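Values in this text are rule-based calculations from the coordinates and carry no lab data. None of these values were measured; they are calculated from a predicted model. Here the Cβ positions follow ideal geometry from the backbone for every residue, glycine too, while neighbour counts run over all protein chains shown.
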Amino acid sequence: MTKAESSFVDEERDTLRHVEKIIRKKCCRKRKKRCRKRAKRHVPLTVVQKLYNVCRQVFKGPGTVPPPEDVQKLQLILDKMKPEDVGLSSDLLFFKAKSVAKGTPRITCTTIYKCEDFSLCIFFLPSSGVIPLHNHPGMTVFSKLLLGSMHIKAYDWVDLAESDNSAPSSQLRLARLEMDQVFTAPCNASILYPSAGGNIHAFTAVTPCAVLDVFGPPYSKDDGRDCTYYRDLPCSGSLDGAHEAKEGSGSYALLEEIVMPKDLKMDPVEYRGPQIVES
Ligand SMILES: [Fe+2]
């Protein structure tokens, strides 16, 4: 073999080795990619991610109410939800406090996620903290108590004729008591609808507590979904026969619209639990 021929063979061999190297690398990269994909497939979704995914399917925007089968899907997730699923623990100092500083207890809230169709928020109430009676116009709200004990009082408007119930001169409107009970975590989520289930409600903390609110659509002043506050006054007398037949017997109160209480302080804090990946 001549020198030139031998050099050509060497060159060929080198090229061949180089090509083999590239193929090996490519295969390796492909294999790694496949492995990563497989690993991704096997990583279980966090509970909060599952909640977000279901909310995306369930809340269809303003003017809609989720059908019962969708309500059930959300209920199933929320009923099983634990404080740890949003990065909370009963060991946190906040939940161990026996009493609070003087003055009106301050409430803290954190937004896990918010879009045009729904929002996920957690409210932290120190012992004896109160979120006064307020409404949720056109909304469906799931409230899940994650930690502590909380009293919930909730009303729905009594569906009387226009002249009976919303005369401009009257600041009072008749409402039926739908809920008046103490919840202690762990417990199931409670649900309210635009005109049922206790759309106007108040929270009072019996112990320091955390409640997750999932609601859709969110409040929006521009779209006529502003939050209105009320106080309830005892209702003397009873409904007339026709209305009692329609509304049934029960406890009633007169609700008076009030300005947002000055001492109602809600301090926003950053959410530090498992993050949501938007889809
Ligand atoms: Fe509320």
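Can you tell me how much longer the chain between residue 265 and residue 50 gets when fully stretched, taken as 0.36 nm per residue apart minus their C-alpha distance, in nm with one decimal? Present the calculation step by step, with values, prior to reporting the outcome.
Values: separation 215, 0.36 × 215 = 77.40 nm, distance 3.13 nm.
In short, 74.3 nm is gained.
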Given a cut-off of under 8 Å on Cα pairs at least six residues apart, what relative contact order in percent is computed for segment 47-268? 27
Given the pairs 153/221; 82/265; 50/80; 50/73; 80/153, which span a C-alpha to C-alpha distance of over 19 angstrom in this model? 153/221; 82/265; 80/153
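Once you have the Cα-Cα distance between residue 42 and residue 277, take 0.36 nm times their residue separation minus that, and quote the gain in nm to one decimal.
Working: separation 235, 0.36 × 235 = 84.60 nm, distance 1.65 nm.
Working it through step by step, the gained length comes to 83.0 nm.
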Tell me the label-point distance for the pair residue 171, residue 33, using the 7 Å Cα-to-Cβ offset, in nm and rounded to one decimal. 6.9
